[in-house]
Amino acid sequence: LWMLSTALMDEFEVFQYPPPLLPAEPQWENFPNALTQLPFARFFLNSGILAVCMVLGQTLTGALGGYAFARFRFAGRGAVFAAYLGALMVPAIVLLIPRFLLIDALGGVDTIAGLVSTELVSVWGVFLMRQFFLSLPRETEDAARVDGASEWTIFWRIALPLARPALATVALVMLLFGQREH
């Protein structure tokens with residue numbers, strides 16, 4: 001009610017002290033004026049593009065990274081994963097200036113590509129997908145290997161379809177809360 005009352009006031013009533021509870025004369029033209037002063041359609045389009053690219057990118061990279069950490073054996077895997085999880089402890093605000101400097105050096109400032117490129121990977125998404133892939137039985141993958149399936153085929157045609165609930169969870173959480181590691 002307070003916001004609606006303030007929105008209907010003229011610019012002088014808003015700054016009065018003590019402020020009036022109701023506007024003396026409702027200024028209904030404030031609403032169309034507010035929507036035409038800035039390109040809100042473009043703002044909504046930019047938000048939609050960022051949300052779609054971010055959700056698709058983080059879901060895909062989360063699935064790929066999670067599968068690699070869960071199923072592939074390589075030297076230093078535990079240390080790499082520990083360092084990766086350590087990134088969850090770094091507050092997002094600490095990375096703000098380094099991200100800006102990187103995007104500026106690449107010429108991506110004030111572009112959708114520059115904004116999207118910093119949001120394509122989520123440590124939380126990779127962790128969640130790794131935990132899910134660890135819960136899948138290896139026997140189905142072993143059977144596919146016996147039948148001659150490559151690692152990519154096993155990931156794409158066996159593991160990924162089984163991971164639909166986890167993928168949906170990652171996509172939903174990323175859509176609602178974004179990259180800002182939780």
With the checklist (1) over 28 Å from Val52 (Cβ atoms); (2) part of a helix (DSSP H, G or I); (3) out of contact with any Lys or Arg (no Cβ under 9 Å at 6 or more places or on another chain) in hand, flag the one item Ala166 doesn't pass. (1)
Which numbered condition Gly78 fails, given (1) free of Cβ contacts under 8 Å to residues at least 24 places away in the same chain; (2) open to solvent by 80 Å² or more (accessible area, probe 1.4 Å); (3) out of contact with any Ser or Thr (no Cβ under 9 Å at 6 or more places or on another chain); (4) not hydroxyl-bearing (Ser, Thr, Tyr): (2)
Which condition from (1) touching a helix residue (DSSP H, G or I) at 6+ places or on another chain (Cβ under 6 Å); (2) farther than 26 Å from Trp156 by Cβ; (3) open to solvent by 30 Å² or more (accessible area, probe 1.4 Å); (4) outside any helix (DSSP H, G or I) is the one that Gly108 breaks? (3)
I need every pair where a residue in region 89-105 that is over 14 Å from Val116 (Cα atoms) has its Cβ under 7 Å from the Cβ of a residue that is modelled with pLDDT under 90 and acidic (Asp, Glu), sequence separation at least 6 or different chains. Ala92/Glu181
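Listed here are the residues, each with its yes/no results for (1) at pLDDT 95 or above; (2) touching a Cys at 6+ places or on another chain (Cβ under 9 Å); (3) part of a helix (DSSP H, G or I).
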{"position": "Leu60", "(1), (2), (3)": "yes, no, yes"}
{"position": "Arg73", "(1), (2), (3)": "no, no, no"}
{"position": "Gly78", "(1), (2), (3)": "no, no, yes"}
{"position": "Ala83", "(1), (2), (3)": "no, no, yes"}
{"position": "Gly86", "(1), (2), (3)": "no, no, yes"}
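Select from region 88-97 the residues that are part of a helix (DSSP H, G or I) and open to solvent by less than 70 Å² (accessible area, probe 1.4 Å) and write down the one among them that is modelled with the lowest pLDDT. Lay out the reasoning, then the answer.
Taking region 88-97 first, the residues part of a helix (DSSP H, G or I) are 88-89, 92-97.
Okay, now just the ones that are also open to solvent by less than 70 Å² (accessible area, probe 1.4 Å), so 88, 92.
Values: Leu88: 86, Ala92: 83.
My answer is Ala92.
Okay, residues lined up against (1) outside any loop (DSSP other than H, G, I, E, B); (2) over 30 Å from Val173 (Cα atoms); (3) of a type in the set (Asp, Glu):
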| position | (1), (2), (3) |
| --- | --- |
| Pro19 | no, yes, no |
| Trp28 | no, yes, no |
| Asn33 | yes, yes, no |
| Leu50 | yes, no, no |
| Ala63 | yes, no, no |
For Glu119, work out the one condition from (1) within 19 Å of the chain's Cα centre (by Cα); (2) part of a helix (DSSP H, G or I); (3) not hydrophobic (A, V, I, L, M, F, W, C) it doesn't fulfil. (2)
For region 111-167, enumerate the residues that are surrounded by fewer than 16 Cβ atoms within 10 Å (Cβ to Cβ) and closer than 30 Å to Arg42 by Cβ. Thr111, Ile112, Ala113, Leu120
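The values are calculated or read from the model by the stated rules, or taken from the named source; none is laboratory data. Predicted model only: the values in this text are computed from it and were never measured. Quick reminder, even Gly has a Cβ in these numbers, built from the backbone with ideal geometry, and neighbours come from all protein chains shown. Note: accessible area is taken over every heavy atom of the protein model, side chains too, but ligands, DNA and RNA are not part of it. Shrake-Rupley method; radii C 1.70, N 1.55, O 1.52, S 1.80 Å.
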